[in-house]
1. Provide a single number: the residues in segment 386-398 that are under 17 Å from PHE319 (Cβ atoms) and under 15 Å from the mean Cα position of the chain (by Cα).
2. I'd like to know if segment 310-322 contains one or more residues that are of a type in the set (Phe, Trp, Tyr) and in contact with a helix residue (DSSP H, G or I) (Cβ under 6 Å, 6 or more places away or on another chain).
3. Of the numbered conditions (1) under 27 Å from ALA249 (Cα atoms); (2) out of contact with any Ser or Thr (no Cβ under 6 Å at 6 or more places or on another chain), MET156 fails exactly one; give the number of that condition.
4. Among the numbered conditions (1) without any contact (Cβ under 8 Å) to a residue 40 or more places away in the chain; (2) not assigned by TED's automatic domain parsing to the domain that holds ARG146, tell me where ALA386 comes up short.
5. How many residues are in a helix (DSSP H, G or I) and touching a helix residue (DSSP H, G or I) at 6+ places or on another chain (Cβ under 8 Å) when one looks only at segment 323-341?
6. Specify which of the listed residues (ILE289, ILE275) is assigned by TED's automatic domain parsing to the domain that holds PRO141, surrounded by 14 or more Cβ atoms within 10 Å (Cβ to Cβ) and not acidic (Asp, Glu).
7. Tell me which residues, restricted to segment 298-309, are in contact with a helix residue (DSSP H, G or I) (Cβ under 8 Å, 6 or more places away or on another chain) and either on the phi > 0 side of the Ramachandran plot or not β-branched (Val, Ile, Thr) (or both).
8. Mind checking which strands (runs of 3 or more DSSP E) fall wholly inside segment 155-233 and carry at least 1 residues that are under 27 Å from the mean Cα position of the chain (by Cα)?
Amino acid sequence: MAKFNPFQRISQAPTNPHPAAPVRAFDVADLYRGPVEAEISPPTDQGVALDERLRQAYFWIVNTAVISPHYDIEYLDGPPPTFLLGDSKSKLVLPTAQSYSSFVLLPLLTFATRRKCLFIGGPGRGKTASALLMGLLAGYPLREVRRAMQHGHPQMTIADLLGNPLPADLVNAQRIEDIRISWRSWLSMRVKIVDEYNRIPTRTQSALLTVMGDNYAEILNHVFECPESAWYLTANDDQGGGTYQVIEALRDRIDVIVQALAFNPRFLEDLLTRIEDNVRPEELLPRQIVFSEAEVDRMGEEIRAVELAPEVRRRIEFFVSQFEFSEFAAEVFEYKTKDTVRLSGVEWHTMSALETGRDRLKDLGAQTKNGLSVRAMMTLLVYAKALAYFRGNRAVELADVRQVLPFVLHEKLVADPDAPFFAAPGNASLRSDRIGWLRRLFDLACGEYERLNLDRDDAVRLLDEEFRLGLDGLNESETRAIGADRAGDRRAVQGKEALRSSLR
């Protein structure tokens, strides 16, 4: 009888039971809605829906391969049990609904959405091993994944990264177009891994940026078109330290940053078993959790189909709107932004000291040195959808946004450590705890959104709805009448706000 191999065991489906979706009756109106929309996560050839297989992959990695018994992506379905530990009374809050380890989950969501993930943490904490597993999930042999991994080093050239022109062609070619290029095999892979990317020379980083940002490589006017891929990079810290400073444009292309979590020594027995049995989990990946290229394509389509309700989107809009405005950055209103300050080269503290007309302790914008780019906002929406999809939901919840936001904005939203907020009692640790700070920032924004009752009393939303109707078919007098009506609405809103202030 064959010996049971614990490394081949995967979790039994369903890993996160959900009520079955109601069957839609045929409606003749469907004929006018364009192509038929597939239900999210239809069963695959293996009989298990794609989102379920993604969860099975998560639990296999977290229980067998990486062993990460952490739950820093927490969900609650009731009052959580809370404990105070140690002399400093550190608070431990245990989640009450299915929760996850960011170190495993975020790379998986990157795999499903074909985005770019940076692992940070000290040596030997599983960053490279986790990246290797993502290549195996795509169906590549372990040897091929290892050989295709790019190892950053101070002498790395563009040829080392991309490929070389053939020597015979260099001698015999009459035209540059006749020179053939021997391209590196990793460029054609759907999972790309760059180890210690902050040790790559600046010039070679520029070539890497082209591949990451535009999906092509170029040598001597020859272009190699790369497939859409999931990217995994590693570094020992997140400040761009290393042999070379990471160029800003390359750092900006990274979608999420994941910190390697500490190993719990209670699981030392599992490491001992690997030594005694001479096994490596990555060599025993179950075939049931390997995804074909077509399946990853379909997963991407299903993730994009996840709904994001207007009430959730409005809270994201309100949060993002807190950070860009800088009153004394310029005379022209459109240029009163923190990006204007950055581009001018003026020291940040010089400009922030001028803003004395607001409560810098309560103003969320006073905590940051910048606003958010369009790329960061789009990435947040993609990962929020991916997290909801992973949980088996057809719509994004506000909790999904709250959980994924710190990992997306980890390097995108820069804290001002001199802001009064960080000097307030209990907030000092948030200077170093970026995940905790960003979650607190989002919670404060949501609290302010609810205090202002913006779901029911949002004058700007009314203006926006009117604006979206357009002016087609209206003459000048009708257009002016609409503007006058809206001005009256604004005066009414301002009057109500003045009354509220007098009653406080």
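The values are calculated or read from the model by the stated rules, or taken from the named source; none is laboratory data. A quick note: this is a predicted structure, and the numbers were derived from the prediction, not measured. Positions of Cβ are generated from backbone atoms using ideal geometry, with glycine treated the same way; all protein chains shown enter the neighbour counts.
1. The qualifying residues number 2.
2. Applying the first criterion (of a type in the set (Phe, Trp, Tyr)) to segment 310-322 yields 318-319.
From what is left, the residues that are in contact with a helix residue (DSSP H, G or I) (Cβ under 6 Å, 6 or more places away or on another chain) are 318-319.
Checking segment 310-322: at least one residue is of a type in the set (Phe, Trp, Tyr) and in contact with a helix residue (DSSP H, G or I) (Cβ under 6 Å, 6 or more places away or on another chain).
3. Answer for MET156: the failing condition is (2).
4. It fails just one condition, (1).
5. Residues flagged as in a helix (DSSP H, G or I) and touching a helix residue (DSSP H, G or I) at 6+ places or on another chain (Cβ under 8 Å) within segment 323-341 amount to 1.
6. Details: ILE275 fails: surrounded by 14 or more Cβ atoms within 10 Å (Cβ to Cβ).
Testing whether each residue is assigned by TED's automatic domain parsing to the domain that holds PRO141, surrounded by 14 or more Cβ atoms within 10 Å (Cβ to Cβ) and not acidic (Asp, Glu) leaves just ILE289.
7. Pass one, segment 298-309, residues in contact with a helix residue (DSSP H, G or I) (Cβ under 8 Å, 6 or more places away or on another chain): 298-300, 302-304, 306, 308.
Residues satisfying the conditions are ARG298, MET299, GLY300, GLU302, ARG304, LEU308.
8. 191-195, 216-219, 222-225
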